[in-house]
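Have a look at the structure below before the remarks.
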Protein chains: 2
Amino acid sequence: MKIAVDAMGGDNAPAVVVEGVERARDRFKDIEFDLFGDPQQVRPLIKDATRINLIETTEMIEMGEEPVRAIRKKKDSSIVRAAVAVKEGQADAFFSAGNTGAILAAGLFIVGRIKGIDRPGLTSILPIAKPGSGAKNFVYLDSGANAESKEKNLLQFAQLGRFYAENVLGVNNPRIALLNNGTEEDKGDRLHKEVHQQLKAQGDLNFVGNVEASALLAGEADVIVSDGWTANAALKATEGTAKMMLTLIKNGIENGGLRAKLGYLFLKPVFKKIAKLMGTSTYGGAVLLGLKAPVVKTHGSADALAVENTIAQIHTMIESKVIEKTVSYFGQVQSEENIDKPSKN
Amino acid sequence: MKIAVDAMGGDNAPAVVVEGVERARDRFKDIEFDLFGDPQQVRPLIKDATRINLIETTEMIEMGEEPVRAIRKKKDSSIVRAAVAVKEGQADAFFSAGNTGAILAAGLFIVGRIKGIDRPGLTSILPIAKPGSGAKNFVYLDSGANAESKEKNLLQFAQLGRFYAENVLGVNNPRIALLNNGTEEDKGDRLHKEVHQQLKAQGDLNFVGNVEASALLAGEADVIVSDGWTANAALKATEGTAKMMLTLIKNGIENGGLRAKLGYLFLKPVFKKIAKLMGTSTYGGAVLLGLKAPVVKTHGSADALAVENTIAQIHTMIESKVIEKTVSYFGQVQSEENIDKPSKN
């Protein structure tokens, strides 16, 4: 398999991207990489060029650029070139740690949607942080690709999430939940009430009802589906609060004198475990699900470990044929719909 | 001043309500209480009846009841009777720890809106959890009274929050921010983009721009305004994550052997401080702002301290005349609008 990598995206690019790629290359003997970037910057960083092809690009999309305009204008940017390589079948998947909006736009407009999918959903793999919970991770989408979502988008997100959980996380008959402002089925605004009923009516979904944002990481489902707006707010609040709690503890230790510092020494393994659980390096990247190939981004401040783990995730996506299975499912749904409503076609 | 108290609402009512009322009565010599409830249950709990009038009610609205139907049918419930007392001027404010929906409905339909306010906003006073921040609390609304909000609602929330911060928290020229999915002014869906521009255009507001849910408790503003849907999700995620982090630490200590337990002993003051900062007892209740009188609820699991602090908050609201000032402001806005558009009237 071959992965097209944007070598220039991210706060610490190209250094951490190259380092992460080399680590992943050593870990997976069946991956070959096309690295898109400025050879003058990238080449000196490559320690061993085995299965790494450096492809020269002359432009770069910066973090602050307006995404759609950027991908239209900068045809020779590392993001656009890597996406085109996937579109043209020269590579099987796309990876970047760059401008999120530009990655989403490149995925949507260059790689393209699966037939039957109206909007792709940005999918995060999040930790389950409830002690004693069986599962370790869950699938969360749309964590921010769309500021406004319709019913059919959320139903498609549920199916996309189901295929991901089954094939990439290996969950049998994954539990699907809807993020809502209450657990009872009559809770929510019009959109969420309606989506609840429609999810319930889907025969092929193991729908377990609503979850509230307070229980996001509590392991109540294997897939939590939401409109992009709400999911983004809940995810940011969760990440922000986890960080803030660790800052408060750190601050308390620093200002707590010798006693607190001793306490810290004793509790260090506990804090390390929690920081690892809540850390962003462990779970790989965010996948733009609903596209014809894996388009995966990791955050701009990713380290080499995060890059390596994200590539491991792409490896599982390709190996499990999750996209092919999703394409086949939505193809079938579409042809059934066409048979059901012949007069409309 | 007189406060109408629903003695029957809350998981531990009437015991903690009565205890909290007695503590507040001892603390504030100028408050008199009308306690609405079942005398058989309430009377034996009152240790000292000074400035406490027990008023018999025969019905109770349960936690799970459909709110609007409940307040229409149960005319002799403690919630409805207390709200009617406020409406009829027999009391200056309403307090309950009961069914949130019923409190909101009683506030809206019995106490009534201030002229010029389309929708009241549920207002929480939250802690600022960034070490070294100057301010200690901020005003957050609408934390869940409305599942769907319009532009004018958010603009009114901003003004309501400003009056509260100025008068009740004593903040001079409070900084107002909009909860949004990015800090740049072009971020957000249509509603939030439009509200941003309109807040910016309000001459009497110290608008400081957008804040993201990740920075909710970071002290970037004295008032954070949001539609009820998003604010509810962000608040629940924040509260849920703070609790979860404490659970993870507790679990780590319990499973960390003697070493971790020793560490806990040394760090106990730090954890206590954080638990107090993030705790719900400290900051009083949630106010339904935009009504003709203070209508304040505390959470169902409130203890006597939370009841006492919520009554202290009501005391400040009455003393500061925040409602009168708000009424006067919106009255003026309305008459200016009427002068501006004479043909419409």
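Laboratory data are not the source of any read-out in this text; all were calculated from the coordinates shown. These figures come from a predicted structure and were not determined experimentally. Cβ placement follows ideal geometry from the backbone for every residue including glycine, while neighbour counts extend to all protein chains displayed.
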**Prompt:** Under a 5 Å amide H to amide H cut-off, with H placed in plane at 1.01 Å, what residues pair with A:V171 once short-range neighbours are removed?
**Reply:** A:E166
**Complete:** Row for region B:118-286, column shape: gyration tensor on C-alpha, a ≥ b ≥ c, rounded if a/c < 1.5 i.e. under 1.5, prolate if a/b over b/c, else oblate; value prolate
**Item:** Cα gyration tensor category, rounded, prolate or oblate, for chain A with a/c compared to 1.5
**Value:** oblate
**Item:** By average C-beta atoms within 10 angstrom, highest first, the peptides B:219-227, B:188-196, B:203-211
**Value:** B:219-227, B:188-196, B:203-211
**Request:** For the protein assembly as shown, build the convex hull from the C-alpha positions and give me its volume per residue in Å³.
**Result:** 200
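With a/c under 1.5 counting as rounded, go ahead and sort region A:8-61 into rounded, prolate or oblate using the C-alpha gyration tensor (a ≥ b ≥ c being the square roots of the eigenvalues; past the cut-off, prolate if a/b is larger than b/c, else oblate).
prolate
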**Asked** Mean residue ellipticity at 222 nm from the helices of chain B, using -39,500 (n - 2.57) per DSSP H segment of n ≥ 4 over the full residue count, to the nearest 500 deg cm²/dmol?
**Response** -14500 deg cm²/dmol
**Prompt:** In whole angstrom, how far apart do the alpha carbon centroids of region A:283-297 and region A:1-40 sit?
**Reply:** 16
**Fill in**
XL table A:K130/B:K272; A:K193/B:K272; A:K2/B:K243; Cα-Cα > 32 Å flagged, in table order, is A:K193/B:K272; A:K2/B:K243
**Asked** Once phi is turned into θ = phi - 60°, what whole-Hz ³J(HN,Hα) does the Karplus curve with 6.51, -1.76 and 1.60 give for every residue of region A:309-320, x standing for Gly and Pro?
**Response** 5, 5, 5, 4, 5, 4, 4, 5, 4, 5, 4, 7
**Complete:** Residues whose built amide H sits under 5 Å from the amide H of A:L54, excluding neighbours closer than 5 in sequence, are A:L35
**Request:** Tell me which residues come under 5 Å, amide H to amide H, from B:F138 once H is placed; ignore anything under 5 positions away on its chain.
**Result:** B:L126, B:I128
**Prompt:** Where does each of A:T316, B:T298 land when they are ranked from fewest to most other beta-carbon atoms within 10 angstrom?
**Reply:** A:T316, B:T298
**Message:** Per-residue Cβ counts within 10 Å, from other chains only, averaged over A:258-266: what number is that?
**Reply:** 6
**Asked** From the phi of every residue in region A:71-81, what ³J(HN,Hα) in whole Hz does the Karplus formula 6.51 cos²θ - 1.76 cosθ + 1.60 yield, where θ is phi - 60° and glycine or proline is x?
**Response** 6, 6, 7, 8, 5, 9, 7, 4, 5, 5, 5
**Prompt:** Counting DSSP beta bridges with both partners in region B:118-286, what percentage is antiparallel, nearest 5?
**Reply:** 30
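Please tell me the relative contact order of chain B in percent, rounded to the nearest whole number, where contacts are Cα pairs under 8 Å and at least six residues apart.
That works out to 22 percent.
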**Request:** Report the antiparallel proportion of the DSSP beta bridges in the protein assembly as shown as a percent, rounded to a multiple of 5.
**Result:** 30
**Item:** J(HN,Hα) series, region B:4-12, from Karplus relation 6.51 cos²θ - 1.76 cosθ + 1.60, nearest Hz, glycine and proline x
**Value:** 8, 10, 7, 6, 9, x, x, 4, 10
**Asked** Given A:K47/A:K268; B:K150/B:K276; A:K136/A:K200; A:K115/A:K150; A:K73/B:K152, which pairs have Cα atoms separated by over 27 Å?
**Response** A:K47/A:K268; B:K150/B:K276; A:K73/B:K152
**Message:** If packing is taken as the average count of other Cβ atoms within 10 Å, what order do B:2-11, A:132-141, A:173-182 fall into, highest mean first?
**Reply:** B:2-11, A:173-182, A:132-141
